[in-house]
Amino acid sequence: MAKQRKVGNLLALALLSAAFQRPMHPYEMASVLRARGKDQDMTIKWGSLYTVVRNLVKHGLLEAALSTRQGGRPERTVYEITAAGRAELEDWIRELVAVPEAEHPHFAAGLSELQVLSPQEATQLLELRLLRLNAEIAADRARLDVDATEVPRLFLIESEYQLALREAEAAWVASLLRELADGSLPGVAEWQSFHRTGRIPPELLELAELGGAEIPAE
C-alpha cells in the first residue's frame, strides 16, 4: 500500500530529483523537466510548480541555498535538496518501483461499458484506436532509436517501458478485434441481438452479472 507523503504529487518527485543533481531555481527546474520529457511520464501542471516548491520547502525537503538578482529582474532563489528530501526521494522511488498499485486508465473505463455501443461501432472505434496506437509505436520506436545513440540506456528505460505498454495494448486490441470479427468472443451474439431488437437476452444478463457489468435498461 502506498505511503501518505507530505507532498504527494509526482511533480514533487520530479522536482526533488532535479534538485538531487544540483541546486536550481524553480524556472531552471521546469526547463530541466521539459527537456527530459517528464510531462510524458507523469501528469504535470506547470502552473502549480512554484506552489509545489514552496510545499517542499515548508516540509523541509528543499531549502533555499542562495538568492540572485540580474539587472532589473526579480530576485531568484536557488533551492537545494535537504537530507530529509534525499531520504524522501529515495524511499519514494523504492516504493514506486517495488510496490504494484492499482491504476485506472480511461481506456479500461470505456471497455467496462462497451456493451452500451453496438458491436459494429465498438469494432470501428477499436480499429481507429489500433491505427493510432501503431502510429504512436512507430514514432516512439524511431525516437528511442535516435536517443539511444546519444543517451545511455539507463536514462531511457522509462521510454522503453512506455513503448512496451503501447505494444502490449496494440497486441491485445488486435486480438479482441479478431474475436469480434470471427464471432468467437463469448456473448457477442447476444450483444448483437440486444442492439438489433432492443431486448436484453437472458444469456447477456447472466454474463453481465458474472462480470459485474451493468446492462442499460430498455
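The values are calculated or read from the model by the stated rules, or taken from the named source; none is laboratory data. Model, not experiment: these values are computed from the prediction. Glycine gets a Cβ as well: all are built from the backbone with ideal geometry, and neighbour counts include every protein chain shown. Surface accessibility is based on the protein's heavy atoms, side chains included, excluding ligands, DNA and RNA. Shrake-Rupley method; radii C 1.70, N 1.55, O 1.52, S 1.80 Å.
Observations on the model:
- Any hit, segment 156-167, residues being touching a helix residue (DSSP H, G or I) at 6+ places or on another chain (Cβ under 6 Å), of a type in the set (A, V, I, L, M) and in a helix (DSSP H, G or I): yes
- Pairs, first open to solvent by 100 Å² or more (accessible area, probe 1.4 Å) in segment 141-156, second of a type in the set (S, T, N, Q) and in a helix (DSSP H, G or I), C-beta under 9 Å, six or more apart: 143/159
- Checklist (1) modelled with pLDDT under 85; (2) open to solvent by 50 Å² or more (accessible area, probe 1.4 Å) applied to residue 204, failing item: (2)
- Helices (runs of 4 or more DSSP H) completely within segment 1-114 that count 1 or more residues being modelled with pLDDT of 85 or more and of a type in the set (Ser, Thr, Tyr): 10-21, 26-35, 49-58
- Residue match in segment 58-68 (condition: within 27 Å of the chain's Cα centre (by Cα) and open to solvent by less than 60 Å² (accessible area, probe 1.4 Å)): yes
- Residue within segment 22-33 that is closer than 29 Å to residue 165 by Cα and open to solvent by 40 Å² or more (accessible area, probe 1.4 Å) present: yes
- Options 121, 127; residue that is in a helix (DSSP H, G or I) and touching a helix residue (DSSP H, G or I) at 6+ places or on another chain (Cβ under 8 Å): 127
- Residue check for residue 53: within 24 Å of the chain's Cα centre (by Cα), open to solvent by less than 10 Å² (accessible area, probe 1.4 Å) and not polar (S, T, N, Q): yes
- Filtered by the rule that a residue be small (Gly, Ala, Ser) and modelled with pLDDT of 90 or more, segment 160-195 gives 164, 168, 170, 171, 174, 175, 181, 183, 184.
- Screening segment 169-184 for residues that are open to solvent by 40 Å² or more (accessible area, probe 1.4 Å) and not polar (S, T, N, Q) and picking the one that is nearest to the chain's Cα centre (by Cα) gives 169.
- Boolean, residue 49 is without any contact (Cβ under 8 Å) to a residue 60 or more places away in the chain and of a type in the set (A, V, I, L, M, F, W, C): yes
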